[in-house]
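Below is one structure, written out as structure tokens, with a few remarks after it.
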Amino acid sequence: MSFNPDYESVANAFIQHYYSKFDVGDGMTRAQGLSDLYDPDNSYMTFEGQQAKGRDGILQKFTTLGFTKIQRAITVIDSQPLYDGSIQVMVLGQLKWSAFALTPPIFQINLILKLIF
């Protein structure tokens with residue numbers, strides 16, 4: 001295997017696509033938009049201490065989030081190529097919705113993007 005030479009542009013494009021699907025008002029629409037981005041069995045997520053495994057578990061969590069409309073201001077997208085061609089991505093930013101109008105909370109997400117054939 002080898003490092004992905006386009007890791008930075010792939011990571012940036014993925015994050016823009018991911019949040020265009022995530023930042024919708026309806027939980028079911030959110031889950032449908034993100035479904036192709038998760039492996040049915042080998043995707044994992046920890047959100048506020050709760051773990052979800054596989055596409056269905058992660059998408060179920062996304063349908064129960066407590067907001068209907070959200071915006072985010074991405075501050076940093078850092079990416080790093082990995083030896084097997086996958087890409088490690090770290091995103092840092094602020095969440096913006098009416099519940100936190102004065103002090104928007106900071107968010108961070110870490111992903112490993114891997115092309116599966």
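The values are calculated or read from the model by the stated rules, or taken from the named source; none is laboratory data. Just so you know, these numbers come straight off a predicted model, no measurement behind them. All Cβ positions, even for glycine, are placed from backbone atoms using ideal geometry, and neighbour counts span all protein chains on display.
If you check S43, S20, S9, which single one turns out to be touching a strand residue (DSSP E or B) at 6+ places or on another chain (Cβ under 8 Å) and closer than 27 Å to V76 by Cβ? On inspection, the qualifying residue turns out to be S43.
Of everything in segment 12-39 that is within 11 Å of the chain's Cα centre (by Cα) and of a type in the set (A, V, I, L, M, F, W, C), the residue that is nearest to M90 (Cα to Cα) is I15.
Residue-wise test of (1) surrounded by 15 or more Cβ atoms within 10 Å (Cβ to Cβ); (2) out of contact with any helix residue (DSSP H, G or I) (no Cβ under 6 Å at 6 or more places or on another chain); (3) of a type outside the set (V, I, T); (4) without any contact (Cβ under 8 Å) to a residue 24 or more places away in the chain.
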{"position": "G25", "(1), (2), (3), (4)": "no, yes, yes, no"}
{"position": "D36", "(1), (2), (3), (4)": "no, yes, yes, yes"}
{"position": "L59", "(1), (2), (3), (4)": "yes, no, yes, no"}
{"position": "G66", "(1), (2), (3), (4)": "no, yes, yes, yes"}
{"position": "Y83", "(1), (2), (3), (4)": "no, yes, yes, no"}
{"position": "S86", "(1), (2), (3), (4)": "yes, yes, yes, no"}
{"position": "I106", "(1), (2), (3), (4)": "no, yes, no, yes"}
{"position": "L115", "(1), (2), (3), (4)": "no, yes, yes, no"}
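Which one is farthest from L113 (Cα to Cα) among residues in segment 61-92 that are at pLDDT 90 or above and among the polar types (S, T, N, Q)? Step by step, filter segment 61-92, then rank; the result is T75.
Yes or no, residue by residue, for (1) of a type in the set (S, T, N, Q); (2) assigned to a helix (DSSP H, G or I):
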| position | (1), (2) |
| --- | --- |
| S2 | yes, no |
| N12 | yes, yes |
| Q16 | yes, yes |
| G25 | no, no |
| A31 | no, yes |
| L34 | no, yes |
| D39 | no, no |
| N42 | yes, no |
| T46 | yes, no |
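Identify all residues within segment 23-39 that are farther than 19 Å from I74 by Cα and of a type in the set (V, I, T); write none if there are none. Within segment 23-39, just T29 meets the criteria. Scanning segment 68-81 for residues that are out of contact with any helix residue (DSSP H, G or I) (no Cβ under 6 Å at 6 or more places or on another chain) and within 26 Å of N42 (Cβ to Cβ) yields a total of 2. Among the residues making up segment 1-23, those that are in contact with a helix residue (DSSP H, G or I) (Cβ under 7 Å, 6 or more places away or on another chain) and under 17 Å from Q108 (Cα atoms) are Y18, F22.
Which one is modelled with the highest pLDDT among residues in segment 93-117 that are among the aliphatic types (A, V, I, L, M) and over 16 Å from Y19 (Cβ atoms)?
Ranking the candidates gives I112 first.
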